[in-house]
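The values are calculated or read from the model by the stated rules, or taken from the named source; none is laboratory data. Computed from a prediction, not measured in an experiment: that's the story for all the values here. Cβ placement follows ideal geometry from the backbone for every residue including glycine, while neighbour counts extend to all protein chains displayed. Surface accessibility is based on the protein's heavy atoms, side chains included, excluding ligands, DNA and RNA. Shrake-Rupley method; radii C 1.70, N 1.55, O 1.52, S 1.80 Å.
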Amino acid sequence: PQEVGTRHQLGGEPLFLQSKDWRVCSSCSKEMTFYSQLDSINDDFVIADCGMIYVFICFDCNETQSFIQSN
């Protein structure tokens, strides 16, 4: 898609490419905070067929989780 490479984001609401997948901290079981999403950039940095990496953080436990979704 033409928007690939422009969907990077810090904070706010994630733009999930597939179903909503909000993470829960494995240490305290609280819902984690969406921190960022990293988009595919070009042919050299294609993530799972023009996908994105999503990063979540628990500020209480300093634990992070990340995962990939693709188109």
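Reported count of residues in region 10-29, each being surrounded by fewer than 18 Cβ atoms within 10 Å (Cβ to Cβ) and of a type in the set (Lys, Arg), is 1.
Please go through region 30-69 and pick out each residue that is among the aromatic types (Phe, Trp, Tyr) and open to solvent by 30 Å² or more (accessible area, probe 1.4 Å). Walk me through how you get there before you give the answer.
Filtering region 30-69 down to residues among the aromatic types (Phe, Trp, Tyr) leaves 34-35, 45, 54, 56, 59, 67.
Selection gives 35, 45, 59.
Scan region 39-64 for residues that are at pLDDT 95 or above and within 15 Å of residue 20 (Cα to Cα) and the total you get is 3.
Within region 1-34, being modelled with pLDDT of 90 or more and of a type in the set (S, T, N, Q) holds for 9, 18, 19, 26, 27, 29, 33.
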